[in-house]
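Here's the structure, in structure tokens; my notes come after.
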Amino acid sequence: MKISAITVAIAAGLAAAQNNAGDIIWVDGNSNDIEFFAPGTSSTGIFFDGPALAGNDDYLSMAFGPAGDLFVTNGARPLPNLNQIIRISDPFGAQTTSVFSSDPGGVLTGLLDIDYDAGRDQFFTVVNPTNNPTSNNPEPEGLASVNGTTGAANLFFTEDPTRPQTRPFYFGAAEAILDSNTNQYLVTTDGFGVGADASPDNPGNGNDASVLFRIDPATGNEVVVVDFTDVLAGNSNSNTASDTLARVRGLTQLPNGDLVISNIEDDQTRPALGGLYIVDLDSNGDFVGIEPIIEGLAAPGELEYDPFTNSIVFAERDFEQAGTIVGSLSRVNLDGTGYTNLVVGARPSEILIVPTPAGAAVLGLAGLAAARRRR
């Protein structure tokens, strides 16, 4: 009954947003605003003015949650600093803001991503509290949950703090999503700076493979779904310089349970090149294969599946030009056609597609069904 109530609340909260369904909103790393793009009219502008939350000046991620409200992570740089989760009630109307979770216990530090799990009524987020993951004394990194009603935070998975490590860790733009195949969490890890030679003075050459992990939120158990070492070997559809994907950044799931990832091929060139790939999973969530969608992109990062157009909306970026990181909000079809820059000059760190009320209800019912299967 609790989950059903949450489902109804999400649908009701989004009912006022019917005219916005299919619009794209993103957190922009340069303006520190939440901006929007309306595909029907190609109009763009400010959706939420970030400076309204004075004193918390670094917006990184956001997710729709209970009552259709928008929940945004924010906190001052440099890390480590405690983050807050800000609730924007009536996001398509009055946009009333309040602090949802300030976490005096210190769990919510260096948040890189946030998503909402309706079935468990909790947010989950990647915790990355330090700028230097090869530090000899790193702070705990891993995944935290935040109760969707009370805002109470809990670090349910903690990574091995030993440095140097010979496995990728939660560094860079690691992202977590709810896996529709298993009802557990999938997490990307960045292989940059990982290896036997990694140290605070020598962070590595960036050629070690990224790994996709699955984490059980109930037990914190971690299993490898895909090690991206040589995954493109022998693939005639790929033209990358390396068969290993070392900087997997973006992660989203398709309706059939397969995944789409983004990878930066070489972080030492300007602009850094990269591509988008479909990761084929079976019904158990196990790895089957990988195929490129499009390669030769400018440092692709955050991405999101758009159910309205059956396409991928994603961020590209060049590196600093006159002190500002520039890029674009782009779109491509799943077969690699239709590539276009929707908004040039954007720097998205999180992308959301505004759902319909019915879509929000379906998500909630999926969580309810998963909870019944567990019982």
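If you go through the stretch 216-235 one residue at a time, how many are over 22 Å from Glu291 (Cα atoms) and either surrounded by fewer than 19 Cβ atoms within 10 Å (Cβ to Cβ) or among the acidic types (Asp, Glu) (or both)? Talk me through it step by step, then tell me what you get.
Going through the stretch 216-235, the residues over 22 Å from Glu291 (Cα atoms) turn out to be 216-223.
Remaining after also requiring either surrounded by fewer than 19 Cβ atoms within 10 Å (Cβ to Cβ) or among the acidic types (Asp, Glu) (or both): 216, 218-223.
Summing the residues that are over 22 Å from Glu291 (Cα atoms) and either surrounded by fewer than 19 Cβ atoms within 10 Å (Cβ to Cβ) or among the acidic types (Asp, Glu) (or both) in the stretch 216-235 gives 7.
Quick grid of which residues meet (1) at pLDDT 80 or above; (2) of a type in the set (Phe, Trp, Tyr); (3) within 20 Å of the chain's Cα centre (by Cα):
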{"site": "Pro78", "(1), (2), (3)": "no, no, no"}
{"site": "Val107", "(1), (2), (3)": "yes, no, yes"}
{"site": "Tyr116", "(1), (2), (3)": "yes, yes, yes"}
{"site": "Pro133", "(1), (2), (3)": "no, no, yes"}
{"site": "Thr150", "(1), (2), (3)": "yes, no, no"}
{"site": "Leu155", "(1), (2), (3)": "yes, no, yes"}
{"site": "Asp160", "(1), (2), (3)": "no, no, no"}
{"site": "Gln165", "(1), (2), (3)": "no, no, no"}
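When the stretch 286-301 is examined, which residues are found to be farther than 20 Å from Asn181 by Cα, part of a strand (DSSP E or B) and out of contact with any Pro (no Cβ under 7 Å at 6 or more places or on another chain)? Don't jump to the end; show me each part of the working.
Applying the first criterion (farther than 20 Å from Asn181 by Cα) to the stretch 286-301 yields 292-301.
Subset that is part of a strand (DSSP E or B): 292-298.
Correct list: Pro292, Ile293, Ile294, Glu295, Gly296, Leu297.
Kindly establish whether Ala54 is in a strand (DSSP E or B) and either modelled with pLDDT of 90 or more or out of contact with any strand residue (DSSP E or B) (no Cβ under 9 Å at 6 or more places or on another chain) (or both). Please lay out each step first, then the result.
Values: in a strand (DSSP E or B): no; either modelled with pLDDT of 90 or more or out of contact with any strand residue (DSSP E or B) (no Cβ under 9 Å at 6 or more places or on another chain) (or both): yes.
It is false that Ala54 is in a strand (DSSP E or B) and either modelled with pLDDT of 90 or more or out of contact with any strand residue (DSSP E or B) (no Cβ under 9 Å at 6 or more places or on another chain) (or both).
Here are some residues: Glu350, Glu304. Which one is of a type in the set (D, E, K, R), outside any loop (DSSP other than H, G, I, E, B), modelled with pLDDT under 95 and under 21 Å from Leu112 (Cα atoms)? Working first, answer last.
Details: Glu304 fails: modelled with pLDDT under 95.
Checking each option against the conditions leaves just Glu350.
Looking at Ser89, is it modelled with pLDDT of 85 or more, over 25 Å from Thr252 (Cα atoms) and touching a Lys or Arg at 6+ places or on another chain (Cβ under 6 Å)? Write out each step before concluding.
Working: modelled with pLDDT of 85 or more: yes; over 25 Å from Thr252 (Cα atoms): yes; touching a Lys or Arg at 6+ places or on another chain (Cβ under 6 Å): no.
For Ser89, the condition - modelled with pLDDT of 85 or more, over 25 Å from Thr252 (Cα atoms) and touching a Lys or Arg at 6+ places or on another chain (Cβ under 6 Å) - is not met.
The values are calculated or read from the model by the stated rules, or taken from the named source; none is laboratory data. Everything numeric here is computed off the predicted structure, so don't read it as measured data. FYI the Cβ positions are ideal-geometry reconstructions off the backbone, even for glycines, and counts take in every protein chain you see.
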